[in-house]
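The values are calculated or read from the model by the stated rules, or taken from the named source; none is laboratory data. The model shown is predicted, which means the values in this text are computed figures rather than measured ones. Note that each Cβ is placed from the backbone with ideal geometry, even for glycine, and that neighbours are counted across all protein chains shown.
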Amino acid sequence: MRSNLRVTRFTAWLLLAPFVFSGCGSYTSKEASKRFRDRAGKITVTVYPVRVVRGQSAESDSELARTVAAFLAREDMADAVLATTPVEIPVKWHHNQALMAKESALAFSAQARDARPQTEYALMGEILCNGNETHVFGVHYYLAERNGPLADGGLTNSHWDEFKDVKPTDRHGGCEVLMRMLRSGWKRE
């Protein structure tokens, strides 16, 4: 009963997230964001394993990262390489999805800074699921410059078109949402 109440409260907050959260400005660097927006051509990016949060645990999915890297290459959006080590971030559920995204983004930024990838940028996707992975609550992504500043990020849930179009129920659907988010946010005409 208590677990159902927690999920119900979290779901209610997710419904309010669009009104509380209007972008990723609360954790991105203005300077890094400007450099990313003003870029000439495609970027080089290290794609970290996608973080799949299931209930109170999280796992890193390298196969999903491979899917994202192939997508970026196919769409001619980035030259992508795969990271060899996952990003370790403690699971901390909050009633506010934006706060969860901000905490993960800052943790990812610090780890990217310490790892110093050879590419210009580091990217990690994050998929929030229920414990048995039959429902996706939200999808996030974080893009950090190689020295750590966050240049871009995104949050989506059932209020956004990418999410509505896919109706994800598991990590694979969440990955499809992630790729659609990247396409709509990064693709240049």
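Observations
- Considered as a group, the residues in the stretch 152-166 that are not aromatic (Phe, Trp, Tyr) and not in a strand (DSSP E or B) include one that is nearest to the chain's Cα centre (by Cα), and that residue is ASN157.
- Near pairs, Cβ below 7 angstrom, 6+ apart or cross-chain, from the stretch 153-175 (in contact (Cβ under 8 Å) with a residue 12 or more places away in the chain and within 26 Å of LYS34 (Cα to Cα)) to any residue that is buried (at least 19 other Cβ atoms within 10 Å of the Cβ) and of a type in the set (Lys, Arg): GLU162/ARG180
- Residue satisfying all of: in the stretch 126-161; in contact with a strand residue (DSSP E or B) (Cβ under 9 Å, 6 or more places away or on another chain) and either over 21 Å from LEU99 (Cβ atoms) or among the polar types (S, T, N, Q) (or both); surrounded by the most Cβ atoms within 10 Å (Cβ to Cβ) among these: THR156
- Qualifying position, being surrounded by 21 or more Cβ atoms within 10 Å (Cβ to Cβ) and not hydroxyl-bearing (Ser, Thr, Tyr), among LEU99, LEU123: LEU123
- Residue match in the stretch 119-141 (condition: outside any strand (DSSP E or B) and modelled with pLDDT of 95 or more): yes
- ARG54 vs. criteria more than 12 Å from the chain's Cα centre (by Cα), at pLDDT 95 or above, surrounded by fewer than 20 Cβ atoms within 10 Å (Cβ to Cβ) and more than 26 Å from GLU31 (Cα to Cα): no
- Within the stretch 75-95, being surrounded by 15 or more Cβ atoms within 10 Å (Cβ to Cβ) and part of a strand (DSSP E or B) holds for ALA78, ASP79, ALA80.
Listed here are the residues, each with its yes/no results for (1) touching a strand residue (DSSP E or B) at 6+ places or on another chain (Cβ under 6 Å); (2) within 22 Å of VAL177 (Cα to Cα); (3) charged (D, E, K, R).
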site: ILE43; (1), (2), (3): yes, yes, no
site: SER62; (1), (2), (3): no, yes, no
site: THR85; (1), (2), (3): no, no, no
site: VAL91; (1), (2), (3): yes, yes, no
site: ALA110; (1), (2), (3): no, no, no
site: LEU123; (1), (2), (3): yes, yes, no
